Every structure is written in structure tokens, then in C-alpha cells.
1. Looking only at segment 91-110, decide whether some residue is in a helix (DSSP H, G or I) and either without any contact (Cβ under 8 Å) to a residue 12 or more places away in the chain or among the basic types (Lys, Arg) (or both).
2. Which residue, of Ile81, Ile85, Ile133, is modelled with pLDDT of 95 or more, under 13 Å from Gly56 (Cα atoms) and out of contact with any Phe, Trp or Tyr (no Cβ under 9 Å at 6 or more places or on another chain)?
3. Scan segment 123-171 for residues that are of a type in the set (D, E, K, R), touching an Asp or Glu at 6+ places or on another chain (Cβ under 9 Å) and in a loop (DSSP other than H, G, I, E, B) and report the count.
4. Looking at (1) at pLDDT 90 or above; (2) assigned to a helix (DSSP H, G or I), which one does Ile115 not meet, given that it meets all the others?
Amino acid sequence: MKAIYYQIILFVLFASCTGSNKPDSTENTQDQPPPVTKSINCNTCLDHPQKAAGYGWFSDADNCGNIILYRGSLTDSIKNIEEAIARFNGASTLRIQKIGEKKDTLVVKLIHSEIYTQQMGTHGANEYMLSMIYSLTDHYGFNFVDVRFEEGDHGGQPGVFSRNKTGVGKPGKICE
């Protein structure tokens, strides 16, 4: 008899917990705010916290998966390519080293390139490469960057790149 009693109590509890929480149609719902919908901004320059205090170019992804490049407002204060490389290295776990210059081409090497080719993933590697190319060709007299590294699973191939030929595609939007 006790077993039936406990089953009835459990049934009543279960039934009361699974009821609908929707308001009755007789309730006044006019005082409730409309539902919030999130707008998706694709290829849109938004205020980015790094833009106000950033050196060089940095990337972010919009809600549609496009790479958006931002030019930091302090970029013009960088006086030479050595300082640009130091600032760029300070903003990333991956490091580049200047090997030399050939006319309007800067030659750099990725130090510990396995981070770029194995750990960043394809999208992260693309963001890194775009940020590097734009940062190093900003206002230092270089139009090309000869990037040298050991190839891996992600991140493209070594080569000579410019803002028009990045090796990883064009950014979705450039925000200066």
C-alpha cells in the first residue's frame, strides 16, 4: 500500500513540474518588452578597444566569420621597421625576426613556426598573416614581405607577399 501511495505522490510532483510556463491568453502581455534580437554586422567597422591604443594592424572576426583588419591609432608613432617588428612581436605569441632587406622587400623569418603551422588553425594563421603583412608594409618603405618558415598543416606557404597578394585571401573589411 505504501508503494502505491509513493507512486501517486511522485506522479503529482512530476505532473506539477512539467506544466507550461506560458502565460494564459487572458493575461495582459502589453506591458512586456518585445523580444531582443541580435543584429549581425558583417564586414562592418566597429569601435574596437585595441584600435584606440594599438600599434600596427590587428585582426578580428565579425559575426559572419570574415576577417576584419583594424589599424591601431598609435601606428604613425612607430618610426622604423625595427620598432614595428618589436611592437608586432609584443602583441603575439609568435615571433618574427628580420633577416634583411632587398629594395622594397622586407625579409623575415617566423621563429618557432610550428605555432603558426600547427597550433593556430587555418583561420588564426590567416588572421596572423594579414596582420603581419599590413603592419610591416604600413609606412616604412616596404611594399613586400618575404616570409620564411618551415611549412606545416596550416597557414599557407612561405613566399613574398604584399597587401594585394597575401597568400591567404583578402580581409573582409579594412578599418583605418
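1. Here is the first cut: in segment 91-110, the residues in a helix (DSSP H, G or I) are none.
No, segment 91-110 contains no residue that is in a helix (DSSP H, G or I) and either without any contact (Cβ under 8 Å) to a residue 12 or more places away in the chain or among the basic types (Lys, Arg) (or both).
2. Ile85
3. Initial filter on segment 123-171 (of a type in the set (D, E, K, R)): 127, 138, 146, 148, 150-151, 153, 163, 165, 170.
Checking the rest, the ones that are also touching an Asp or Glu at 6+ places or on another chain (Cβ under 9 Å) come to 127, 138, 150.
Those still in the list that are in a loop (DSSP other than H, G, I, E, B) too: 138, 150.
Of the residues in that region, 2 qualify.
4. (1)
Yes/no per residue for (1) among the hydrophobic types (A, V, I, L, M, F, W, C); (2) within 19 Å of Ser113 (Cα to Cα); (3) more than 23 Å from the chain's Cα centre (by Cα):
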| residue | (1), (2), (3) |
| --- | --- |
| Asp60 | no, no, no |
| Asn63 | no, no, no |
| Thr75 | no, no, no |
| Ile81 | yes, no, yes |
| Ile85 | yes, yes, no |
| Thr93 | no, yes, no |
| Ile99 | yes, yes, yes |
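The values are calculated or read from the model by the stated rules, or taken from the named source; none is laboratory data. A quick note: this is a predicted structure, and the numbers were derived from the prediction, not measured. Backbone-built Cβ (ideal geometry, glycine too); neighbour counts: all protein chains shown.
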